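> Dropping the structure in here first, questions after.
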Amino acid sequence: MGAKTNTGRFFEDYAVGQTLHHAVPRTIKMGERALYHMLYPARHALYSSDQFAQSCGLPFSPLDDLIGFHVVFGKTVPDVSLNAVANLGYAQGRWSTPVWPGDTLRAVSQVIGVKQNSNGKTGVIWVRTTGFNQHDETVLEYVRWVMVRKGNLDAPAPETVVPDLPKAVAAQDLVIPRGLDFTSYDFTLAGEPHRFGDYEIGEQIDHVDGVTVEDAEHMMATRLWQNTAKVHFDTTARPDGTRLIYGGHVISMARALSFNGLANAQMIVGLNGGAHANPCLAGDTIRAWSEVLDKAETSAPGVGALRLRLVATKGGAPFVLRDEDGKYRPEVLLDLDYWALVPT
Amino acid sequence: MGAKTNTGRFFEDYAVGQTLHHAVPRTIKMGERALYHMLYPARHALYSSDQFAQSCGLPFSPLDDLIGFHVVFGKTVPDVSLNAVANLGYAQGRWSTPVWPGDTLRAVSQVIGVKQNSNGKTGVIWVRTTGFNQHDETVLEYVRWVMVRKGNLDAPAPETVVPDLPKAVAAQDLVIPRGLDFTSYDFTLAGEPHRFGDYEIGEQIDHVDGVTVEDAEHMMATRLWQNTAKVHFDTTARPDGTRLIYGGHVISMARALSFNGLANAQMIVGLNGGAHANPCLAGDTIRAWSEVLDKAETSAPGVGALRLRLVATKGGAPFVLRDEDGKYRPEVLLDLDYWALVPT
Amino acid sequence: MGAKTNTGRFFEDYAVGQTLHHAVPRTIKMGERALYHMLYPARHALYSSDQFAQSCGLPFSPLDDLIGFHVVFGKTVPDVSLNAVANLGYAQGRWSTPVWPGDTLRAVSQVIGVKQNSNGKTGVIWVRTTGFNQHDETVLEYVRWVMVRKGNLDAPAPETVVPDLPKAVAAQDLVIPRGLDFTSYDFTLAGEPHRFGDYEIGEQIDHVDGVTVEDAEHMMATRLWQNTAKVHFDTTARPDGTRLIYGGHVISMARALSFNGLANAQMIVGLNGGAHANPCLAGDTIRAWSEVLDKAETSAPGVGALRLRLVATKGGAPFVLRDEDGKYRPEVLLDLDYWALVPT
C-alpha cells in the first residue's frame, strides 16, 4: 500500500475537540436533481416544479433535502467511517437553508465523544457535522456516531466522553425556509388532499408501493454523493461477496415511497434520530410505513410540522417494528425519526 | 392499508365527461436530456447540438419529443392505469410545441369512452390526455385506452361509449414547430445523406443494432418519468417475479435505434397508433425495423413528413410482424405508427 | 439489411490522406458532469467545485477531461471502429482547451496510416482525431490505431504507411489551460497534502479501492458518449454472450480510483500511449495502481506536470504488469501513459 494512500482513521486517531475539515467541495446543479428523480421515485411537488415552489413563496424549486444530507455525509466518509464497523445513530439533525442549484457544499466535523469498547478492539466516536454552502451559511448539521476499529490495539483507551443528546429536535428549534408560505397551497397539483389537521398523533400509514433494488443503482447513487466506503462497491470487501447498500439509499427510497400517503409532507427540516436496523442488499424489495409521532405549529403562514417515524422494510407486515425481546425484526431496514413541514 | 394511500381508480370510478387533473407538475431541464442520452442510444442531431438546432431555425436544441410524452404519460398513471390490466392503444397523438429546458409540464385527461367487458370484471376506458407547459400552451395530446379492473363487481355497467378514432392524424393537422427550416440542413453532421425524396412508401429498413436491456436501466428510466406503476419496480407484483418493462422504454429504445437508417427523421410530430404486442423483460435484446407508410409535404421550408411504422422485436427476423392467424408474432414488442419531420 | 443502414467501413475503404467528418455534434452541459460523477467515483476538486476551480484561476469548474475524450471518441466509432477487431493503441494525445458546460463538440479524423496484415483478412489503420468546440477551437487531439476487417478479401493491399509516433508528448508541448495558477491551491479541500516535489520518478502508488462493475452501468456510460459499437450493448454480438466493456469506461474508472494517492493530479493534459491489455466484463472488480514515469516544470505559476502510468487490473497484486515472456498478465486491463498537472 503506497504511503500516499489514505487508509482512513482508526479509533485512537480521534480525540474530543478535534475539527475535521472534509475534502472535495461539490457544486450541485440541476443535473443532480434529475439524477435524484431517476434514482428514487421522488414526487413531492415542491421539489419537482419551479412554479409549485413559487406558489409556496420560494424563488424556485430547491434541491431535495436529502441531496444536501447525502453530499455532506459523503464528504465525511474518508475521515469518519472508512474503518467503521457500524453506523450507530443520528441525532440533532437540522436543515437551516435550502440547497439551490449552483450551490457548492463543503463539510466540517467536530469530534464530540469517544468511548472505547470493552473488547479493546473497537470504539465509538460521536461527530457533529456541519454542511456549509459557498456563502459559509450552514445548510444542515447533524450528530452521528459510529463504531470504528482500533488500528493499534495497544493504544491506550481515551477518557470516555458521551455527549448528552436529546431524543428529538424541539419544534421551536426547527428552521423554516425564508419566505415559505403554504396559504395558497394547491392540493390537487400536490397529489393528495390531506393537510396538517388530517393527521393524528399515533396514526400509521402503509405506503403500499415496493421497489426491488439493484446493485447498479445503489452504486450509482452512492458514488453521486462521493461516498467512497468500500463495502458499497467492492464484492471482495465483505466475506459473502455482497455489496452492502448505503443506508442513505434506503432513507431516500423510503422517503420517496412515503409520497403515497404523505404527499404533502413537503420539506424535511429535522432529523431526530435513525437506526439502520438490518443490512439492505440488491434484490431486496424496499417498502415503507410511517407513524405520526408528534405535531407542532410553526410561525410561517399555513405551515405546520409533523414529526414522523419512517420505517423501511424488506418484507413482512407493516407496523411491526420489534420482536418480543425488543430487537428490530430482521426485515426492518430503517427506523428514522424526522420533522417535515406540511400545509395546515 | 392506510386510508390516506391512493389505491387507484377502478373501472366503475370513471364516467364519460370526467376531467382528471393529474398531480405533480415537473420542471425539466438539461439534466433530463443528459439522462435521456444515457438511457437510450439517442443521436438525432437536432436533439444533440444547440448549434445544429439553430441551423434548423430553432433557438436551441429542444428536449427529445419522447421526454415530453413520457413525463405527461407518467403523470396520468396514478389516475388512469394503477389498476390497469393492459395498455390497449394510442391514437390522435400530436406534438404542438417543443419542450424547452426549464419548461414545467402538467397533464389533464378527459374520459371520452367507457365499455364494460362481457366478463363483468373489467372494462375499457378511453382518455384524451393533454400536456401543458407553464404558459398553459398545449405541448402534446393523445388518446389512450386501457383495460381496468372493476373494484366492485356489483357496480352496474355504464352506458357504452366508444369514441370514433381515425386511423391516423391527417398530414395537414400536424403542427410544425415555429421557425423550423431545413433548407440549410447539414446532412454530414446529421449522419446520413437520405432525404425525403429518398424514402418510398412501402420501403422497409432494418436498423440492425441491438441493445440487451437490464432491470436497473428500465427502472431508472421509468422513475425519471415519475411513472409509479408497481409492475415495473416490484418483483412481488407479478406472479413470475419479473419486472415488466414500461412500454415507453421500448418506444424510446426503438426510436433511438432507428437512427441507423432514419438519422434525418428528426422530429416526432404525430402518434397515429401503437400496440405493445408482447411484454419486454430484462435480458431481452431489443432490435427495430421501420416501414414507410406515407409521405406528405408541409408548409415549412425544406420540411417533409414521413409516416413511419416502427417495430421493436426481441429476436426473430426483421419485417415479420404477424403470424398466419393475424396475431402479432411472439417476438414483436411494439408496433408504433408515427409522423416524423425530415429534410426535403 | 436496408440499404440506408450504415454497415461501417472496412479496411479497404480507408486511404492515407482521407478526412472523415464525424456526425452528430453534441452540446454538453452540467447534466453530463453530474452523470460522470454518478458513473465514476470522480473526486478531483477542480472538477467538483466551481469555487475551487476559481481559486485555481479558472472561470468555473470545467468538465472532466475524459468527458471530452469520450465524446470525441464516441463520434469516431461509426466511421472508424464499427468493424474493428481490436483497438491497438493511442499516441500524441493532447488536451488544448477545457470543455466548459454549454460547449458543443464535433470531431474530424485524418487517416495517417494503413497496413494490411499478412493474413489478408484484416489490416491496421491509424487516424489522427481532433475534437473541436463551437468556436472551432481544438479541444483535444490524439492518434489511435485499430485493426479492421476487410469487407472484400479480394481488394488489393494498399501501400503500407506506418506513421512515426513518438513514445510520449514532450513536456514543452503540453498546453496549460489559460489562467491556471496553483499558487493559492488549498490542499485540505483537495484532499491530500502531496505536491509535485513529493513524487519521485519510479515511485509506485497502490490506489487500494476497488469497484465491481455491472452491465447496466457500463452500457449507460458508453451510450452517454454516443458510442454505438455493438459489442458493448448486444449479448448476441459476441460468441460467449458477454458484453465487452468499453475501454474508455476502464480508463475513467481507474483515473477516478487514482484519486486515492493522486488527489492533486488535477488536470489531464497529455495522453502518451495506452493499451487495453485484456477484456473487462461485468462482475470484474477494477483496481488501479500508478507509477511516476517523469516530471516536468511548466511555465504556469505553481503548476508542475507528472507523467504517470495508470494500470487497471481485475485482481492480482499491484505493480505486476507483465509475465516473464513480456506479455501483459491476464488480470491487467489497462496500461495508460498520461501527463497530469499538479501543484508545486
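The values are calculated or read from the model by the stated rules, or taken from the named source; none is laboratory data. The shown structure was predicted, so the numbers you read here are calculated from the model rather than taken from an experiment. When we count neighbours, we look across all protein chains shown, and the Cβ atoms used for this are built from the backbone with ideal geometry, even at glycine. For accessibility, only protein heavy atoms count, side chains too; no ligands or nucleic acids. Shrake-Rupley method; radii C 1.70, N 1.55, O 1.52, S 1.80 Å.
> What is the distance in Å between the Cα centres of segment A:40-67 and segment B:31-109?
Answer, in whole Å: 21.
> Once you keep just the Cα pairs under 8 angstrom separated by 6 or more residues, what percentage relative contact order results for chain A? Working shown, then result.
On the way: 813 pairs, mean separation 67.1, N = 344.
With pairs under 8 Å counted, the relative contact order is 20 percent.
> Right, another one. In what order, largest first, do B:M219, A:M147 sit by accessible area if the probe radius is 1.4 Å? Kindly include the intermediate steps, with their values, before the conclusion.
Values: B:M219 0, A:M147 50 Å².
If we order B:M219, A:M147 from most to least accessible, we get A:M147, B:M219.
> Charges at C-beta only: +1 for Lys and Arg, -1 for Asp and Glu. How large is the resulting dipole of the protein assembly as shown about its Cα centre, in Debye rounded to 20? Don't jump to the answer; show the numbers that get you there.
On the way: 93 positive and 114 negative charges, 75 e Å.
For the protein assembly as shown, the charge dipole is close to 360 debye.
> If you don't mind, there's one more thing I want to ask. Using Cα centres only, tell me the gap between segment C:139-187 and segment B:156-186 in whole Å.
50 Å
> For segment A:114-259, just list the percent of Cα-Cα distances falling in each 5 Å bin from zero outward, please.
2, 6, 9, 12, 14, 16, 17, 12, 6, 4, 2, 1, 0
> Based on alpha-carbon positions alone, could you give the equivalent ellipsoid semi-axes of segment C:236-297 from the gyration tensor, as √(5λ), descending, whole Å? Present the calculation step by step, with values, prior to reporting the outcome.
Values: eigenvalues 162, 34, 18 Å².
They are 28, 13, 9 Å, listed largest first.
> Are there any GluC sites (Glu not before Pro) in segment A:146-205 that are in a DSSP loop and have at most 13 other Cβ atoms within 10 Å? List them by number.
Listed in order of number, the matching sites are A:E159, A:E200.
> Under 28 Å Cα to Cα from A:K29, which lysines show up? Leave out anything in the same chain fewer than 8 places away.
A:K75, A:K230, B:K29, B:K75, C:K29, C:K75
> For segment B:189-196, in order, what is each residue's ³J(HN,Hα) by Karplus, 6.51 cos²θ - 1.76 cosθ + 1.60 with θ = phi - 60°, in whole Hz (x at glycine and Pro)?
5, 6, x, 8, x, 6, 10, 2
> For segment C:51-98, state which chymotrypsin sites (Phe, Trp or Tyr not before Pro) are in a DSSP loop and have at most 16 other beta carbons lying within 10 Å of their beta carbon. Display every interim value, and only then the final one.
Details: sites: C:F52, C:F60, C:F69, C:F73, C:Y90, C:W95; in loops: C:F60.
Answer by residue number: C:F60.
> Can you give the FRET efficiency to the nearest 0.05 for C:V162 and B:E331, using r as the Cβ-Cβ distance and R₀ = 35 Å? Don't skip to the answer; put the middle values down first.
Working: r = 47 Å, r/R0 = 1.34.
For C:V162 and B:E331, the calculated efficiency is 0.15.
> Measuring from label point to label point, each 7 Å out along Cα→Cβ, what is the C:A317 to A:A170 span in nm?
Inter-label distance under the simple model: 6.2 nm.
> Provide the FRET efficiency to the nearest 0.05 for the A:F60-C:N152 pair, computing r from the beta carbons and using R0 = 41 Å.
Details: r = 59 Å, r/R0 = 1.45.
The value I calculate is 0.10.
> Let me ask something else. Against the 2.2 N^0.38 Å scaling, with N counting residues, where does segment B:266-344 land? I'd like the Cα-based Rg ratio to two decimal places. Before the final figure, lay out each step's value.
Values: Rg = 14.5 Å, N = 79, 2.2 N^0.38 = 11.6 Å.
In units of the 2.2 N^0.38 Å rule of thumb, it is 1.25.
> For segment A:125-136, take each phi angle, set θ = phi - 60°, evaluate the Karplus expression 6.51 cos²θ - 1.76 cosθ + 1.60, and give the result in whole Hz per residue in order, putting x for glycine and proline.
Computed from phi, the couplings for segment A:125-136 are 10, 10, 10, 9, 9, 10, x, 10, 9, 5, 9, 6 Hz.
> In addition: Once you list every other residue whose beta carbon is under 12 Å from the beta carbon of C:L174, what net charge do they have if Lys and Arg are +1 and Asp and Glu are -1? Could the numbers behind the result be given before it?
Values: positive: C:R94, C:R307; negative: C:D173, C:D294, C:E297.
It works out to a net charge of -1.
> Could I ask something else about it? What is the distance in Å between the Cα centres of segment B:227-275 and segment A:199-225?
Here the answer is 24 Å between Cα centres.
> Related question: With the convex hull built on the Cα atoms of segment B:197-262, state its orientation-averaged projected area in nm². All intermediate terms of the calculation are to be shown ahead of the outcome.
Numbers: hull surface 24.5 nm².
If I average the Cα hull's projected area over directions, I get 6.1 nm².
> Could you check the spin-label model distance between A:T7 and B:T138? Points 7 Å from the Cα along Cα→Cβ, value in nm.
In this crude label model, A:T7 to B:T138 measures out at 6.9 nm.
> At 37 °C and 0.692 mPa s, what whole-number value in µm²/s does Stokes-Einstein give for the translational diffusion of chain A, with Rh from the Kirkwood sum over Cα pairs?
Numbers: Rh = 20.7 Å.
Rounded, D is 159 µm²/s.
> Roughly how big is segment B:139-274's charge dipole about its Cα centre, with Cβ charges of +1 (Lys, Arg) and -1 (Asp, Glu), in debye to the nearest 20?
Numbers: 11 positive and 18 negative charges, 119 e Å.
Taking the Cα centre of segment B:139-274 as origin, the dipole is about 580 debye.
> Determine the sum of side-chain charges near A:D154: Lys and Arg each +1, Asp and Glu each -1, restricted to other residues whose C-beta is under 12 angstrom from that of A:D154. It would help to have the intermediate numbers written out before the result.
Working: positive: A:K121, A:K150; negative: A:E12.
Net of charged neighbours comes to +1.
> In terms of modelled amide H atoms, which long-range or inter-chain residues lie less than 5 Å from the amide H of C:L140?
C:S96, C:G131
> Let me ask you something else. Taking the Cα centre of chain A as the origin, how large is its charge dipole in debye, to the nearest 20, when only Lys and Arg (+1) and Asp and Glu (-1) carry charge on their Cβ atoms? Walk me through the numbers on the way to the answer.
Values: 31 positive and 38 negative charges, 198 e Å.
Magnitude of the dipole: close to 940 debye.
> Please report Rg (one decimal) and Dmax (integer) in Å for the Cα set of the protein assembly as shown.
Using the Cα atoms of the protein assembly as shown, the pair Rg, Dmax is 28.8, 85 Å.
> Could you state how much accessible area is buried at the C-B interface, both sides summed, with a 1.4 Å probe, in Å² to the nearest 100? Write out the running numbers ahead of the final one.
Numbers: alone 14580 and 14600 Å², together 26020 Å².
Separately minus together, C and B give about 3200 Å² buried.
> Additional query: For A:D154, place a label point 7 Å out from Cα along the Cα→Cβ vector, do the same in each other copy, and report the separations in nm, one decimal, smallest first.
A:D154 label point versus its equivalents elsewhere: 8.2, 8.3 nm.
> Still on this structure: What is the set of long-range amide H partners of C:Q116 at a cut-off below 5 Å, with H atoms built 1.01 Å from backbone N?
Here the answer is C:V124, since their amide H atoms fall under 5 Å of that of C:Q116.
> So what J values fall out for segment B:231-244 if you push phi through Karplus, 6.51 cos²θ - 1.76 cosθ + 1.60 with θ = phi - 60°, rounded to Hz, Gly and Pro as x?
4, 7, 10, 10, 5, 8, 7, 10, x, 8, x, 8, 9, 5
> Which cross-chain or sequence-distant (5 or more) residues have an amide H under 5 Å from the amide H of A:A86, H modelled 1.01 Å from N in plane?
Hits under the 5 Å cutoff: A:M147.
> If you roll a 1.4 Å probe over the protein assembly as shown with all protein chains in place, what percent of the accessible area is carbon or sulfur?
On the way: 16790 of 34490 Å².
Roughly 49 percent of what the probe reaches on the protein assembly as shown is carbon or sulfur.
> Next question, about the same structure. Taking a probe of 1.4 Å, how large is the accessible area per residue of the protein assembly as shown, in Å²? Could the numbers behind the result be given before it?
Details: 34490 Å² over 1032 residues.
For the protein assembly as shown, the per-residue accessible area is 33 Å².
> Need one value: the accessible area of C:W225 in square angstrom, 1.4 angstrom probe, rounded to the nearest 10.
0 Å²
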